[in-house]
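Peer 1: Dropping a structure here in structure tokens format, bear with me for questions.
Derivation of every value follows stated rules applied to the coordinates shown; laboratory data play no part. All figures in this text were calculated on a predicted structure; none of them were measured in a lab. Counting neighbours? That spans all protein chains shown, and the Cβs are built from the backbone with ideal geometry, glycine included.
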Amino acid sequence: MASSHSSPSSPDPSGLSVALPTPFREDGSPNLEVLARHVEWQIREGVSVLMPCGTTGEGSTLSADEHESVVRCCVEAAAGRVPVYVGVGSSATRVAMDLSRRAAGAGAHGILCGTPPYNRPSQRGLLAHFRAVADAGSVPVVIYNIPSRTGCTILPETILELAEDTPFVGVKESTGQLDSVMALIASRPEGFRVLAGDDWLALPILAAGGDGLVSVTANQIPSDMARLVEASRQGLMAEAREIHYRLLPLFRANFVDSNPVPLKASLALLGRMDERVRLPLVRLAPAQREVLETALRDVGILTWET
């Protein structure tokens with residue numbers, strides 16, 4: 001599917017971003033050859049932005065050297081066609097700063113910085129954390145708000161305060177709180193992007209004036225997800241709704257266990273990568289696998305004979 005992509009020289013995170021998984025070899029090391037092939041397919045199918053090393057990429061389990069190698073692989077595979085925004089989340093600000101510096105040095109066009117897990121900082125602490133990480137990398141920053149994973153919420157007013165600073169170009173919203181998302185869209189400064197952080201929330205957030213989606217499902221069916229985002233942004237809501245409701249069972253099935261466990265199981269079924277995950281995650285249980293396979297077949301990714 002042909003697609004117009006953002007120029008990495010001005011890395012706008014709008015449109016369809018894919019939250020990339022990290023494939024692993026039998027010895028547990030990142031399989032960069034498989035990752036490069038996956039990136040090539042994603043770009044060919046219409047994805048606008050690559051986002052490695054986040055939740056889907058099991059970024060919290062990667063060493064700093066592995067993290068950097070994954071970034072270099074994605075940057076080289078993208079070859080300037082789409083921007084690469086790299087997950088740099090950590091509960092230690094100094095670790096996130098180091099990952100940010102290393103990602104920028106490896107050619108990343110921006111970073112995706114989550115709220116720090118476990119520490120539960122105040123909103124003042126979050127301001128200091130995000131600014132320190134942004135200063136370390138000196139590349140554009142998308143704020144990642146995912147309290148279900150981190151136990152920490154960055155409030156709309158704090159996001160809007162950061163949005164006035166040059167490095168902060170957007171927020172990936174995974175709170176599930178549409179009222180907060182709409183408050184951001186209504187009050188944000190010009191050029192600050194609001195991105196849906198969950199596939200099932202893409203339609204309402206884009207309809208409310210959001211700018212894009214960071215997608216798990218794009219790993220399985222990128223062209224349909226690209227069209228869902230584009231149709232929503234163009235106001236073609238009948239087409240967007242058709243795609244949304246057709247794929248809704250898959251959106252749900254992708255979270256029958258912790259992400260990326262179901263995703264990697266599905267990509268193994270599709271012959272794209274092994275389903276290995278790193279502890280404390282384990283492979284998908286049989287009952288959940290059945291739910292996932294049914295959803296994949298119902299949306300036409302797998303045939304019933306597979």
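Peer 1: Name the residue, out of N119, N219, N259, whose mean-square fluctuation peaks in a Gaussian network model built on the chain with Cα pairs under 10 Å.
Peer 2: Its mean-square fluctuation being the largest, the pick is N119.
Peer 1: How many angstrom separate the Cα center of the stretch 127-150 from the Cα center of the stretch 220-261?
Peer 2: One Cα centre to the other: 27 Å.
Peer 1: Continuing with this model, one more query. Looking at the chain, what % of its DSSP beta bridges pair antiparallel, to the nearest 5?
Peer 2: Working: 1 of 27 bridges.
If we restrict to bridges inside the chain, about 5 percent are antiparallel.
Peer 1: Rounded, prolate or oblate: which one fits the stretch 266-305, using the alpha carbon gyration tensor with axes a ≥ b ≥ c (rounded when a/c is under 1.5, else prolate when a/b beats b/c, else oblate)?
Peer 2: On the way: a/c = 3.22, a/b = 1.62, b/c = 1.98.
The shape class here is oblate.
Peer 1: Still on this model: Say a site is exposed when it is one of the GluC sites (Glu not before Pro), sits in a DSSP loop, and has at most 13 other Cβ atoms within 10 Å; what is then the longest site-free stretch of the chain? Mind dumping the intermediate values first?
Peer 2: Details: sites that count: E26, E164, E190, E305.
Within the chain, the longest run free of exposed GluC sites (Glu not before Pro) spans 27-163.
Peer 1: Compute a Gaussian network model of the chain, connecting alpha carbons closer than 10 Å, and tell me which residue from L248, L228, L20 fluctuates the most.
Peer 2: Among L248, L228, L20, the largest GNM mean-square fluctuation belongs to L248.
Peer 1: While we're on this one: Less than 14 Å Cβ to Cβ from C73, Lys/Arg counted +1 and Asp/Glu -1: what total charge do the surrounding residues give? Intermediate values should be presented prior to the final figure.
Peer 2: Working: positive: R25, R37, R72, R102; negative: E33, E40, D65, E66, E68, E76.
Summing Lys/Arg as +1 and Asp/Glu as -1 gives -2.
Peer 1: Turning to a different aspect of this structure: Once the dipole of the stretch 184-306 is set up with Lys and Arg at +1 and Asp and Glu at -1 on Cβ about the Cα centre, which of V261, A238, A196 lies farthest towards its positive end?
Peer 2: Farthest towards the positive end: V261.
Peer 1: Still on this model: Using the per-residue mean of other Cβ atoms lying within 10 Å as a proxy for protection, in what order, highest first, do the peptides 279-285, 133-139 fall? Each step should come with its number before you reach the end.
Peer 2: Details: 279-285: 13.0, 133-139: 20.1.
With the highest mean Cβ count within 10 Å placed first, the list reads 133-139, 279-285.
Peer 1: Before anything else, pin down the relative contact order of the chain: Cα pairs under 8 Å, at least 6 apart, normalised by residue count, whole percent. Please report the intermediate quantities before stating the final value.
Peer 2: On the way: 623 pairs, mean separation 50.5, N = 306.
With pairs under 8 Å counted, the relative contact order is 16 percent.
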